[in-house]
Each structure stands twice: as structure tokens, then as C-alpha cells.
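Data block below; observations after.
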Amino acid sequence: MLADALFFSAVLFAIGVVGVLTRRNAIIIFMSVELMLNAVNLTFVAFAQVYGYAGQVFVVFVMTVAAAEAAVGLAIIISIFRHRHTVNLTDINLLKG
Amino acid sequence: MLFQTAAAVAGGAAPHPLSGTAADWVWALPLLPLLGFVLNGALAIFGSAKAGPADPSAGSHDGPDAAHGVPGGNGQDDGAHADAAHAVPSQRHPYAWLVSVIGPLVVIAAFALACMICVAMIAAQPTTPFIQRYFSWMPVGDLSIDAAFQLDQLSMVIVLVITGVGALIHIFSVGYMRDDPGYPRYFSYLNLFVFFMLVLVLGANLPVTFVGWEGVGLCSYLLIGFWFSDRANADAGKKAFIANRVGDFGFMIAMFLLFANIGTLQYTEIAAAAPAALPAGGALVTTVCLFLLLGCTGKSAQIPLYVWLPDAMAGPTPVSALIHAATMVTAGVYLVVRTSMLFSIAPAASLTVCVIGAVTALFAATIGLKQWDIKKVLAYSTISQLGFMFVAVGAGAYVAGIFHLVTHAFFKALLFLGAGSVIYAMHAAYHETHSHEDAQDMRNMGGLRTAMPVTWILMWIATLAIAGVPLFAGFFSKDEILGTVFARAQGSALSDASWLGIPGGALLYGVYGICLVAAFLTAVYMTRLMLYTFHGPNRTGDAEHSLLREAPAVMTLPLVVLGVLSAAGGFLNDPSFLPIAPADMLGRWLEPVVGPATQQITRGGPAEADPRLSAILATVASVVALAGILVALLRLKPAALRPAREPQPAESKVESLLSHKYYVDEAYDRAIVTPTVVFSRNILWRGVDGLIDGLVNLTALISRWLGDSGSAAQTGETGTYAWALVLGVVIVLGTVALRI
């Protein structure tokens, strides 16, 4: 049971990573990051079944932080879109050295 | 009492006999000239802001009504050169009157104070030096150096000479430098020189003396290059400075060696510790003394470092009188006497001093025979006389050396100031007619005795004194040197020692012989100078002849005072065979300072030759001097001379060798200066500098490359960063996983 849950969350995490690495749209990348977070949440919950409730407590924290992050992140993306009329990350490279 | 004296520091010991007297004011001696320096320097800066630049080159030659500018002073080239550089409009400095008061006054005040201290010292008759300690200067580990002054009979004599002769020369300068735009600058330098010279003489330990030693070197440099807008003058200053640096290196090594082996640099402590810590005649004390001697040859212009002194004549003539004749150049002699406790236990080093002195005395005297520049003759004469002093202190005749130092200060200052007064007159005459002849070339002089009778008589007194004609000052001192050297050759610690395999006794007889020849030549070249300058027909020029006149009273009065001293100064130390004055005053006065060292050399015997031998030697010396004058009078024909502007008769090979100063400058150029320049250009500049520059540039290139590649990694694209992050995580996890 634990192994299945871990395998499933690993697959979800890998999908998230691939999404972050391959997509260019900021919104999609953002969603992929959420996917990775939730994969980790799943791992926590799965472990909580074996090692006690600490894992579930962590999940609550992660969801809180993820919500805050989503709020700030989306606000930034909207702000960028207003200025540059794009959310394509390859076009946003002002920090180039 | 303002400051603690050594006796007070010691606590239980009885106070020094000089404490509570005028000697408590010894600190004020150097401070007075320092005050003058500050005030005159302030006026120089403050005044020049109002009156325009003090740089002589700033003035332009405007019209015939511009009176004579700076008189003479250029000892280098032809008159045209000198005139172009020095011809400035008569533009007196706005504060010149104030400077004329402050400059000489501070030195006169110092002289008055020195006289008061001397009176106190005569009354107290102290047997130990009076040391005044001000503050701890360099307390570093075992090294503890105090800023302290030491007053004893030796420093007293020299202080009197410095302030006395210095005051006279300051007064003379008021006239000589009257129209110079740099007038306050001149006096501030001159005051600063007196300050440093007093520090040198009064210093209670070697480092304090060294401060004065370097300080007088600095002032010498500043004053040689006083008319710095002329390249030759600035170069002469540099030459003096560099030659002195070589000597200073020796001085410093000697100090290091002394500290490493004795652990103290204070004179009284060295004297106490030396006999036990330094084996007499050992290699160590000899090395220390030889390094000290190197320092002395630099400052006192002895072979091999004498070359700067003739060039130093580029400075104003009163500077030549004060610094390059009467005081600074005798610092080497002073230092040998001050460290006589070391030299007396190092016979080989003492004999070296003797030999260097004798060779220099002869060498410089021969060059003096064929110089045409009046100041150059005096410069070589100074080197020669300093050689005599070195012979004296080398032979352990410390009293005779100091005695000659004092009398030489009198008659050589007089000679230089007299020459200054001649140059002043010549320059004024040439300036009036806009001639570009050399005002210092004796071939342009002749017959000046009718125009300047006062200078003429006084210069003859000085000439007779330096030649050693009986009853003039130089006779007594030179005679004492010769007599004592002879006595040392007969039997002393020196005659038993050997120098490079030569027995000391034979060497000292040789030194005596060389000195006699040098004394003969001294009489010859001085008589030649007098004949060519003051006698025979006048060669200045028809228009100029009537314009030659005596210098103003402010210049002649110091000459008269020095004339009296040159005539009578010898009675300071009257030999016992000539009962005119109290016998041997200076000798008895200096006894507490140099007595032990002299005893060491004579092995407890009498310090001087016995009266009968002295009388015979004095007769020999007088005959030699008179013969020199006679030979010069008979052989030299002032009437046959031609002015410098006309073609000169061909010189014989010997004459040419002498007039070119044995080509020593050229030899030094080839052997030292050129190789140094070539080496520094090609090896140091192009080679080593190139290497170091290359290394520095290489590090710069590497950092730039690193920065460039680092900044290339910052693409600004989130995707790249994400890839890098994931890759990093994979690598970390991978290594962790594989390790497990």
C-alpha cells in the first residue's frame, strides 16, 4: 500500500518536473509546481499512515504556503503580463548577466 | 626645572653640577632657529601668494633700470648660463625687512644662550656630560631610545662655532641675498639648517644625532638647489643627496651592529659598555668603526664620496660658507670624536681614517692647484682641510682635530664670504653692462685690491691662516695635527698596530709626510687664488673695471669679525713651547670628553709630542708653508693670464689632468652611474618591471575571464535555472544514493 502511494506520488512529481522544464507558459509552469507540491503532500500523507500524524501536519503547512505562494505568484504573473503582454518565460530575461 | 636631567632620574645620585644653571635651557638652543624656520617659512608662503611666485624663473629680464639680481652662485658653467638663470628684476620680497630681522636674530639669540651656557660650564667644570631627557622616543622591545640632548665640553665648542659663525653668515646673507625673490625661503632653509646641526651636535644617542645628520643633508640639498630653475643646480643638489645616502647606509649599519652587540645607542652607555662587550682591536669593533667611517666620508666629503662637495658650490655662496665649509661637512669629524671610545679600541679603523684623510688632503690640494672658479678652489681646499682633520682624529689627536675644525670654521668661512663679496662685486659690474661673462672665474678678475681693499686684506689674513703661517689660527691647529701624528708614529697603540700588513708606525710617518706636502700645496693654491683675484692687472673688462666696488657694510662687518678670529683663533690652544697665551686651553677643556680615548691610544703617555720636538716640527711646518707661498709668488705670473673669453694657452698633460679633477667624475660616471642607469633601464625597467607588470596583468586577465564566463551562466532565462537546479538535485541525490 505504502509502496503504491509512493510510486504514484513519484510519478506525479516527475510529471511536475517535466512540466516545469519543458513548458514556457508561466501559468503552466506554475501549475506544474503545484503538481510537484501535491506529489510531496501525497508522500507525507502516505508516510503518516506508517510513522504517525506529523506528516499530516506538514501537509497542512505546505498547503498554506502553497496558497500564499499561488496568490503572490499569480499577482506577479499578471503584473508582468500587463507590462509585456506575454507570459512566455523565454521572453522574460531581464536578469541576464 | 623644566625637564628631568639624568642625575635627577637616577634618584639618589647628587644633581649634575650644571643643573640649575643656564644649561637647563639647552633645549632652547635648537628651538630658536626652528622658530625662525617656521616664521620665515610662513612668510615665504604667505608673501609669495601676494607677490607672485618665488620661483626665480618666473621673473623676466626687464630693462636696464632693473638692478642686479642674484649675485653669482653658479659654479657650473659659463657666465651666460648663470646670468640667464639668475637675472631677475629687482623685486624685493614684501616681507624682506621682517625676514632680515627674524632670520639672523634667532641665530644670534641662540649664540647668546650658548655663551651663557658656556660661562656656566666654565664655572661648573663638569666631568660628566649633562644629559637632558625629554621623552621616550622609540621604546620597542629591548630598544629604548630617548629624545635627549647631551651637553658636554665637546658639544659646547661645536655649538658655539655653529651659532657664532652661523650668526655672522646670516648677517652676511642679508646683504648678499638682498634682491633675491626667494629671500624668505632662503632664510627659512638656513634657520632649519642651524636647527638640525644643533640637534646633530647635541644628540645624546646615535639616533638623535642621525636625525640631525639627515636633516642637515636635507637642508644642504635644498640650499644647493636653491636656484632650482637651473637644471645644473638641481642636479648638484641631487648628487649631494645621493652621495650622502651611500654614507648614511654605513651610519645605519654601524648603529644596527652596535645595538645588536651592546644593546644601547646612548653615547655614555656605549662608552661604559664598549670595553667589556667589544674586544679591543677585534673584528667587530673594527667593522662598526669602518661603517661609521663610511658615513663620515659621505658627510665630510672624503675619498671616495667627496665628489658632491665641489658641485655643491652651485648654491649661494653664504651657504657654501656655512654648510659646505664651516659646519655640516665637519660633522664627520665630530662623529669620530664623539665615538672616539670605539675608534680608540680599533687601531686598524683609526689608521684607515688617517690614511683616507691624508690621501684626500693631498688629492684635493693638487686639484685645487688648477681650478679657475674661485669657489671651486675653496671647495677643494675644504676637502683637503677636512682630510687634515681626519688625519688628526684618526691618529687619536682628537683635540687637534676639533681645534682644526674650529679654526677652519673661522678662516674658511672668511674665505668663502670674501669670495662671495668678490662675486657680488663682479656680478654687479657685469650686470650693469649686461655682460654674460662668468663672475666666478678668476681669469676675469685680477687687481681687485684697489676696488675692494677691505675684502683684500681680510682674504690675505685667511690665506695666511689656512696656509699655516706662524701666529695665524691655522698655524696652531695644523701644526698640532702634524706634531701629534709624528708623536703617534714614534710610539702609541697605533704605531704598534698594522694596517693591511703595513706597520702602523711607518704608515703614520708616511701620513705625516703626505700632510707636509699637502700643507705646502695648500699654501701654493691659496696664494695663487689671491694673486689671480686681487693682484696683477684687472681683466674684468674696460667698461666693468670702474663699476667694481666694495660690498655694503652688512657684508664686510661679518668679514672683519671672522678676520679677527682667523688671526687670533689659534691662541685657543697655544702650544707649550710658545708662551703667548695660556697653554693648551682647548686640550684641557676637552679632557673630560676625549681624555680616556686619547689615553687608550697613547697607552697612558702624554697626549702630544714633547715641547722640544713640537718646536722643531712647528718650524718645519712653518718653513713648508712659507716656501709654498714663496714658490707661488715667484712662479705664478698674474700678468700673463688672459680673460676667460679669450683663447687660453695649451695645458700640459699634468695640468689638464688636474684641471679635469683626475677625471674622477667621469670615472664614477662610467663605473657606477652609467651601469646603474643601463641596468635600471634595461633589466629593472624593461625586464623586472615587465615581468611584474605582466604578472599583474595576467591576474587581471584571469579574473576578467572568470567573470565573463560566470556572467555568461546568468542567462536570465528561468528554464536554464530550473534545468541547473534539477541537474544539481539529481547529482546530489545520485552521489548520496551511490554512496549508500
Residue-normalised 222 nm signal for chain B, counting each DSSP H run of n ≥ 4 as -39,500 (n - 2.57), nearest 500 deg cm²/dmol, is -21500 deg cm²/dmol
What residues from region B:353-388 fall in the zone where the backbone N is under 19 Å from a label point 7 Å along the Cα-to-C-beta line of B:GLU646? B:372-373
Put simply, what bits of region A:75-97 lose 10 Å² or more of accessible area when the other protein chains are there, versus the chain on its own (1.4 Å probe)? A:LEU89, A:THR90, A:ILE92, A:ASN93, A:LEU95, A:LYS96, A:GLY97
Give the B-A buried accessible area in Å², both sides summed, 1.4 Å probe, nearest 100. 800 Å²
Nearest-0.05 FRET efficiency for B:SER144 and B:LEU634, computed from C-beta distance (R0 56 Å): 0.30
Relative contact order (%) - criterion: Cα under 8 Å, at least six apart; region: region B:124-259: 18 percent
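Taking the Cβ of B:ALA124 as the centre, find all other residues whose Cβ is under 13 Å away and add up their charges (Lys, Arg: +1; Asp, Glu: -1). Don't jump to the answer; show the numbers that get you there.
Values: positive: none; negative: B:ASP24, B:ASP152.
Summing Lys/Arg as +1 and Asp/Glu as -1 gives -2.
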Inter-part gap, Cα centre of region B:219-267 to Cα centre of region B:362-393, in whole angstrom, is 21 Å
Using a cut-off of 17 Å between alpha-carbon atoms, which lysines can reach B:LYS653, once sequence neighbours fewer than 8 places away in the same chain are excluded? B:LYS370, B:LYS661
Find the centroid of the Cα atoms in region B:542-572 and in region B:646-720, then give the distance between the two in whole Å. 51 Å
Where in chain A are the helices, taken as whole DSSP H runs, whose Cα atoms extend 27 angstrom or more along the long axis and whose Kyte-Doolittle mean reaches at least 1.6? A:2-22, A:26-51
Taking square-rooted eigenvalues a ≥ b ≥ c of the alpha carbon gyration tensor, is region A:2-86 rounded, prolate or oblate, where a/c under 1.5 means rounded and, failing that, a/b exceeding b/c means prolate? oblate
Distance between modelled label sites at A:LEU95 and B:SER659, nm, 7 Å Cα→Cβ extension: 8.7 nm
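Mind checking the per residue accessible area of region B:421-643 for me, 1.4 Å probe, whole number of Å²?
Here the residues of region B:421-643 average 38 Å² of exposed surface.
Of the listed peptides B:315-323, B:445-453, what is their order by residue-averaged count of other C-beta atoms within 10 Å, with the highest listed first?
B:315-323, B:445-453
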Partner chain coverage, peptide B:711-718 - average Cβ within 10 angstrom: 5
Greater than 24 Å apart at Cα, pairs in B:LYS478/B:LYS637; B:LYS238/B:LYS299; B:LYS238/B:LYS478: B:LYS478/B:LYS637; B:LYS238/B:LYS478
I'd like the distance separating the alpha-carbon centroids of region B:449-519 and region B:91-145, in whole Å. 32 Å
Can you compute the modelled spin-label distance between B:LYS238 and B:PHE571, with each label point 7 Å from Cα toward Cβ, in nm? 5.1 nm
Taking only protein heavy atoms and a 1.4 Å probe, the highest-to-lowest accessible-area order of B:ARG133, B:ARG739, A:ARG23 is B:ARG739, A:ARG23, B:ARG133
Order of exposure, largest accessible area first, which applies to B:ILE145, B:ILE108 with probe 1.4 Å: B:ILE108, B:ILE145
At 1.4 Å probe size, with the rest of the protein present, what percent of the exposed accessible area of the protein assembly as shown is carbon and sulfur atoms? 70 percent
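To the nearest whole number, what is the average tally of beta carbon atoms from other chains within 10 Å of the beta carbons of peptide A:11-20?
Values: counts 0, 0, 0, 0, 0, 0, 5, 1, 0, 6.
Mean partner-chain Cβ count within 10 Å for A:11-20: 1.
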Just checking the output field for B:260-272: average partner chain Cβ neighbours within 10 Å of each residue's Cβ? 0
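The values are calculated or read from the model by the stated rules, or taken from the named source; none is laboratory data. Treat the numbers as computed from the prediction; the structure is a model and nothing was measured. We place every Cβ from the backbone using ideal geometry, glycine too, and count neighbours over all the protein chains shown. Ligands, DNA and RNA are excluded from the accessible area calculation, which covers all protein heavy atoms including side chains. Shrake-Rupley method; radii C 1.70, N 1.55, O 1.52, S 1.80 Å.
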